[in-house]
Amino acid sequence: MTESIADMLVSVCKDILPFYLSEAETEDYPYAVFEYTPQVFRTKDGVYKITADVYIRVYSNDGDEVETKAAAIMSALDTFAADTTDNNGKYIIALQASPESCVEGVWQYELQYFVKQTS
Amino acid sequence: MATSRVEGYNVSLTIGSKTLLGRTQEDLNISAVTKTSITKDDNGVQQESVVRHDVTFKVSALMSLDSETTHTKLDRDDVIALALATGSSAVVAVQYLCTGGDTYGGSAIITGYSESTAADPDTDSTISLDLKITGTFAKVTGGNG
């Protein structure tokens with residue numbers, strides 16, 4: 001089994017707003033950056049489960065926009081996780097927390113997820 | 001002489017020629033059973049001698065079911081059937097293999113089986129199997145050493 005959590009997140013979120021791993025490649029708001037820490041679990045025959053704490057940080061200079069984009073990401077991930085077809089059924093995506101903050105006119109809405117990928 | 005560290009996935013216990021499906025851990029324990037004796041010639045110092053060995057295994061695995069008709073591994077239902085066997089059916093042939101090392105074999109009985117299941121989706125359901133060698137546990141084939 002190959003780890004595909006990052007690819008899945010990009011696939012689900014890339015049409016909502018510019019969506020980057022670790023570092024933004026734009027200075028134009030809004031955009032989102034995500035980080036994750038995958039942990040691999042094995043049987044003696046190979047990998048059977050990968051879990052990760054995922055942090056998606058949505059940035060905007062508009063307080064309403066940051067909430068709208070964050071809500072769209074949450075909705076998209078909920079929809080994806082609820083789809084139990086073979087392709088989607090291998091992910092469990094659970095929202096843990098969603099703190100919001102504003103520093104010097106830039107709003108940040110952080111979505112903290114637990115993601116589990118199984119084979 | 002070169003040395004090599006053995007990775008755990010290169011060690012396996014086969015039960016009736018099959019390993020457990022989803023196995024995560026296989027533990028071997030060999031305990032010497034000793035006899036204590038003392039004669040007047042021992043000058044008050046007890047003597048210990050090994051009379052036999054108790055050889056046990058503990059195998060842990062994810063609780064898994066194999067939907068294939070021909071099972072190449074033992075799934076949860078196979079293991080329960082083995083654990084509930086009685087009489088001569090309860091004796092299984094086992095081999096303990098280590099890639100590059102010696103292979104040991106013998107006959108064993110299943111002395112315990114347990115399952116652990118939880119509601120939390122992040123907690124794996126697991127099974128655990130205890131075996132005890134009956135009779136001899138001896139080298140079957142040699143390895144590189």
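The values are calculated or read from the model by the stated rules, or taken from the named source; none is laboratory data. Owing to the predicted nature of the structure, the values given are computational and were not obtained by experimental measurement. Don't worry about glycine lacking a Cβ; one is built from the backbone with ideal geometry, like all the others, and counts go over all protein chains shown.
Among the conditions (1) within 14 Å of chain A (Cβ to nearest Cβ); (2) among the hydrophobic types (A, V, I, L, M, F, W, C); (3) exposed (fewer than 11 other Cβ atoms within 10 Å of the Cβ), B:Val33 misses just one, which is (1). Region B:6-86 holds strands (runs of 3 or more DSSP E) entirely within its bounds, and those carrying 1 or more residues that are farther than 23 Å from B:Gly135 by Cα and of a type outside the set (D, E, K, R) map to B:23-37, B:47-62. Just for region B:93-137: of the residues that are in contact with a Gly (Cβ under 7 Å, 6 or more places away or on another chain) and of a type in the set (Gly, Ala, Ser), which one is farthest from the other protein chains (Cβ to nearest Cβ)? So, considering only residues that are in contact with a Gly (Cβ under 7 Å, 6 or more places away or on another chain) and of a type in the set (Gly, Ala, Ser), the one farthest from the other protein chains (Cβ to nearest Cβ) is B:Gly135. What is the residue count in region A:82-119 for residues that are within 12 Å of chain B (Cβ to nearest Cβ) and of a type in the set (D, E, K, R)? Going through region A:82-119 one residue at a time, the tally reaches 1.
Entry remark, region A:52-81: residues being modelled with pLDDT under 95 and within 14 Å of chain B (Cβ to nearest Cβ) number 1 in total. Take B:Gly135 and tell me if it is within 19 Å of the chain's Cα centre (by Cα) and surrounded by fewer than 13 Cβ atoms within 10 Å (Cβ to Cβ). Answer is yes for this residue. Scanning region A:54-84 for residues that are of a type in the set (S, T, N, Q) and within 18 Å of B:Pro121 (Cβ to Cβ) yields a total of 1. Here region B:120-137 is the region considered, the condition is being part of a loop (DSSP other than H, G, I, E, B) and not acidic (Asp, Glu), and the residue that is modelled with the lowest pLDDT is B:Pro121. So, in region B:93-132, of the ones that are of a type in the set (Asp, Glu) and closer than 20 Å to A:Arg42 by Cα, which residue ends up surrounded by the most Cβ atoms within 10 Å (Cβ to Cβ)? The qualifying residue surrounded by the most Cβ atoms within 10 Å (Cβ to Cβ) is B:Asp124.
When the residues of region B:1-24 are filtered to those that are within 8 Å of chain A (Cβ to nearest Cβ) and among the small types (Gly, Ala, Ser), the one that is surrounded by the fewest Cβ atoms within 10 Å (Cβ to Cβ) is B:Gly8.
If you check A:Lys49, A:Lys44, which single one turns out to be of a type outside the set (A, V, I, L, M), without any contact (Cβ under 8 Å) to a residue 40 or more places away in the chain, touching a Phe, Trp or Tyr at 6+ places or on another chain (Cβ under 7 Å) and within 14 Å of another protein chain (Cβ to nearest Cβ)?
The match here is A:Lys44.
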